[in-house]
1. Distance check, please: which entries in 166/196; 78/210; 67/218; 78/218; 67/101; 97/218 exceed 19 angstrom between their Cα atoms?
2. What does the convex hull of the Cα atoms of the stretch 162-234 come to per residue, in Å³, rounded to a whole number?
3. I need the P(r) histogram for the stretch 142-183: all alpha carbon pairs, bin width 5 Å from 0 out to the longest distance, whole percents.
4. Find the Rg to Rh ratio for the stretch 33-177, where Rh is the Kirkwood radius over alpha-carbon pairs and Rg uses the same atoms.
5. May I ask you to derive the relative contact order of the chain, considering only C-alpha pairs under 8 Å and at least 6 residues apart, and to give it as an integer percent?
6. Net charge around residue 133, counting only other residues with Cβ within less than 15 Å of its Cβ (Lys, Arg = +1; Asp, Glu = -1)?
7. I'd like to compare 67-76, 92-101, 150-159, 209-218: which one has the highest average count of other Cβ atoms within 10 Å, and what's the full order after that?
8. Can you spot the lysines whose alpha carbon is less than 17 Å from residue 144's alpha carbon? Ignore those fewer than 8 places along the same chain.
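Derivation of every value follows stated rules applied to the coordinates shown; laboratory data play no part. A quick note: this is a predicted structure, and the numbers were derived from the prediction, not measured. As a convention, Cβ positions derive from the backbone with ideal geometry for all residues, glycine included, and neighbour counts pool all protein chains shown.
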Amino acid sequence: MPRILFFSGAGLSADSGLATFRDSNGLWDKYDPSVVCNYNNWRENYHLVHEFYNLRRTEYEGAEPNKMHLFIAEIQDKYGVDNVEVITQNIDNLLEKACVKNVTHLHGHINFIHCVECNDEFEMRIEFDSKNYTCKKCGSKIFKPSIVFFGEMAPMYQSMYESFSKLTKDDILVVVGTNGNVIPIASIASQLSATKILCNLEESQHIDAKIFDHVFYKRAEEAVNDIRALLDTH
């Protein structure tokens, strides 16, 4: 049977009410991404960085998976984890909440923090006390959200490219909710013989839609039945 690879961006979680870094409003207006998400200066802004991610963690914890998250879980359950791979640029846990397994988070995960001295990582679902927390293993007091900051290496990119390279003409790539600005998905897709499906809210200057076999310009939730029909007939 064909392998299916879901590749997603912020548009996947937009229907769950999550703001993105670039399109945030309200609460996020007072935070400059170049200050709270910058690998070159995050230590200088240590407490502000953790304040920012504490607020995002609270927001994410209250969010629920939308129809597209649940659809991806449905497809993975139907065809098996070995045949349905899920790679996301998102740092939220909505795919996991929808019971999707083995999700590759290219840019890290909001619910994890690690000690910068010994690299011990632990799950953090509530507010992190950046002023008083001490590493239980090495005694360090410096911790970083396990998020890939601007200017930082993204260790999962190599794994991502390997996954793309394994797709054959019998396989399917489903791209959901990314404008192609960070990861050049259009360039990647153009080199693949797999059937390619694109679902975005609108056209993007970074993505040539002609590269894809099927294109849906609509909200992720609204495209579930369209994509399901394509997978059922492939």
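1. On the way: 166/196 14 Å; 78/210 30 Å; 67/218 13 Å; 78/218 25 Å; 67/101 17 Å; 97/218 23 Å.
Too far apart for the 19 Å limit: 78/210; 78/218; 97/218.
2. On the way: hull volume 6.0 nm³, N = 73.
So the per-residue hull volume is 82 Å³.
3. Calculated P(r), rounded to whole percents: 5, 14, 20, 23, 18, 10, 6, 3, 1, 0.
4. Working: Rg = 17.0 Å, Rh = 16.8 Å.
Answer for the stretch 33-177: 1.01.
5. Numbers: 381 pairs, mean separation 53.6, N = 234.
23 percent.
6. Numbers: positive: 57, 125, 131, 136, 137, 141, 144; negative: 51, 117, 120, 121, 123, 127, 129.
Residues near residue 133 contribute 0 overall.
7. With the highest mean Cβ count within 10 Å placed first, the list reads 67-76, 92-101, 209-218, 150-159.
8. 131, 136
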